[in-house]
1. Beta carbons within 10 angstrom, averaged per residue: use that to sort the peptides 46-54, 18-26, highest first.
2. Could you point to the residue in T45, A110, S19 farthest towards the positive end of segment 4-133's charge dipole, with +1 and -1 charges on the Cβ of Lys/Arg and Asp/Glu respectively?
3. Per residue of segment 11-20, in order, report the coupling 6.51 cos²θ - 1.76 cosθ + 1.60 (Karplus, θ = phi - 60°) as ³J(HN,Hα) in whole Hz, putting x for Gly and Pro.
4. Would you please classify the overall shape of segment 4-133 from the alpha carbon gyration tensor, given that a ≥ b ≥ c denote the square roots of the eigenvalues, rounded means a/c under 1.5, and beyond that prolate means a/b larger than b/c while oblate covers the rest?
Amino acid sequence: MRIHRQRGAYVVEFALAISLLVMVLLAIADFGRVLFRLSSVAEATRVGARVSVVCNPGAGRVLTEMQKFVPMNSSNLTISWYDTAGAISTSCDSTSCAGVSVSVTGLSVAPVSPVSWIGFSSLTVPAFSTYLPRESMGQDPNSASVCS
């Protein structure tokens, strides 16, 4: 019997099997990262809309609050105020605005698994938008102080 010559075949089979297993595990981890990013962007838009309708602080503070969830910049953020007729308004206050829409676009996730070897160097995150109706907009109903 010539068993001695096939001893190296086990090592080759193991190397092929373990490399496939590692690629599958990395792909699963990437899928989880993508789902986490989608969830983070959805939560960031919700927080941004909430901060806007309660405090009306402007885009700078909204962006700062949203960056706690997702790495982004002002080019990814769109804030649209709506008047009581439902049209986009450029100047709103607590008496004339009906709500706000906060949108995030242009974000991507870079995979770390071998998926990047076949052409997926980055995966684009779909646009997210959240609309909330107006609340206090910087005015505490029980006092004259502005939301800080």
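1. 46-54, 18-26
2. Selected residue: S19.
3. The phi angles translate into 5, 5, 4, 5, 4, 5, 5, 5, 5, 5 Hz.
4. Because a/c hits 1.5 or more and a/b exceeds b/c, segment 4-133 counts as prolate.
Each value in this text was obtained by applying a stated rule to the coordinates, not by laboratory testing. Since the structure is predicted, the reported quantities are computational estimates derived from the model, not experimental observations. Please note: Cβ atoms are built from the backbone with ideal geometry, for glycine as well, and neighbour counts cover all protein chains shown.
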